[in-house]
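Quick notes on the structure that follows.
Since every read-out is calculated from the coordinates, none of them should be taken as a lab result. Fair warning: this is a prediction, and the values are worked out from it, not measured in the lab. Because the Cβ atoms are built from the backbone with ideal geometry, glycine has one as well, and the counts that use them run over all protein chains shown.
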Amino acid sequence: MMTKPRTMIAGNWKMHKTAADVESFFKDFIPLTKHVNPTKTEMLIAAPYTLLATAKAAVGKANIRIAAQNVHFEAQGAFTGEISIAMLKDLGINATLIGHSERRQYFAETDQTVNKKLLACLQHGILPIVCIGETRAEREAGKTGTVVTTQLRGALAGVKDAKDLVIAYEPVWAIGTGLTATNAQAQEVHALIRGLLKEQFGAVGDSIRILYGGSVKSDNVAGLLAEKDINGGLVGGASLKADEFAKIANA
Ligand code: PGA
C-alpha cells in the first residue's frame, strides 16, 4: 500500500494585507500551530510580493513556508511589472503558485505560459504549485474531465522530473463562493489527476501532492483530507484569519 505523501496546508492571501497585518497574523498564528507536526503537515502561505520579506522575517524558524502567488518565466529583461525567479530567491523564497484561475481569468494566463513558468521553476529549483480547475459552465456541460486533462497536460508538457511539484485542483465555481465540491466530487477529479501523473511520471506520480481548493474551511477540511488522493488544501478566504487558518492546519 502506498503511504500518503506529506499533507500541505497552503494559504493564498491574494491581494490582501499590509505589513502591519502580516506581523499581527503571525503573532497569533505561530503559537496556535505549534503542535502541527512538520513531518506530517507542511504549512505554506502565498503572500503578495510586497509582503514576502516581512512574512519571511515574521515566520522566523517556525514551520511555515512563504511562497509567491506568481512568477515570470524569463530570467530578466524588459517585462515591466514582472518578478523573476532570481528575485524571489533573493528574498529566500523557494515556492510559488502558478496559473491560479484568477491569473487565467483576469491576466490572460494560458496553459502555454503556465508551462513556461513550470519549466523555469523546476529548472531553478523552486517549488511550483500549479492550479487547474473547470468553470461552472464547463462542469455543467460535462467537460470537467477534458478541461482538467488539457490543463494538466498543457502545464506539464516536456516535464521529465516531477519530484518537486504540487498540483492544486480548484474548481472555479467553488472559489470564493462558499460552494465547496463534495468530498466525492473532489476525489473523483483528484483520482483522474493522479492517473495522469502516473501515466507521465510512473511511480513518482503517487508522491506528487494534489491539493484541493475552493471554499475550504475548518469545518469541511477533515472530510476532504480523508479522501485517498487529496493531499492538502489551498485556502483563500479562510487563510486570512489566523484562528481559522490555524484550525485548518490543526485538522
Ligand atoms: P477560497 O479561494 O478558499 O476563498 O475559495 C481558494 C483559492 O482561490 O485559492
Task: Cα-centred dipole magnitude for region 21-141, charges only on beta-carbon of K, R (+1) and D, E (-1), debye, nearest 20 - done: 420
Task: Of Lys89/Lys143; Lys56/Lys117; Lys56/Lys143; Lys40/Lys117; Lys143/Lys228; Lys61/Lys160, pairs whose Cα-Cα distance is over 31 Å - done: Lys89/Lys143; Lys56/Lys143; Lys61/Lys160
Open item on the list: Can you tell me the length gained on complete extension of the stretch Gln112 to Lys34, counting 0.36 nm per residue apart and subtracting the Cα distance?
Closed with: 24.1 nm
Task: Mean-position separation - Cα centroids, region 161-198 and region 108-132, in angstrom - done: 17
Open item on the list: Looking at the chain only, what percent of DSSP beta bridges run antiparallel? Nearest 5 please.
Closed with: 0
- [ ] Could you calculate, for region 107-251, the ratio of the Cα radius of gyration to the Kirkwood radius, expressed as Rg to Rh?
- [x] 0.95
Open item on the list: With unit charges on the beta carbons (Lys and Arg positive, Asp and Glu negative) and the dipole taken about the Cα centre of region 40-129, which residue among Ala120, Met87, Ala46 sits farthest to the positive side?
Closed with: Ala46
Open item on the list: Skipping prolines and chain starts, which residues have an amide H placed within reach, meaning under 5 Å, of the one on Ile45, given they are 5 or more residues away or on another chain?
Closed with: Gly11, Arg65, Ile66, Ala67
Open item on the list: Check which residues have an amide H placed less than 5 Å from Leu97's amide H, if you skip close sequence neighbours.
Closed with: Ala68, Gln69, Asn70, Ile129
Open item on the list: Less than 10 Å Cβ to Cβ from Gln151, Lys/Arg counted +1 and Asp/Glu -1: what total charge do the surrounding residues give?
Closed with: 0
Open item on the list: Which one, Tyr212, Asn70, Val36, is farthest towards the positive end of the dipole of the chain when Lys and Arg carry +1 and Asp and Glu -1 on their Cβ?
Closed with: Val36
Task: Vicinal HN-Hα couplings computed from phi for region 214-220 (Karplus, 6.51 cos²θ - 1.76 cosθ + 1.60; Hz; Gly/Pro x) - done: x, 6, 6, 9, 5, 8, 10
Open item on the list: Calculate log10 I(q)/I(0) of region 106-147 for q = 0.30, 0.34 Å⁻¹, where I(q) comes from the Debye formula with a single equal point scatterer on each Cα and nothing for solvent.
Closed with: -1.00, -1.09
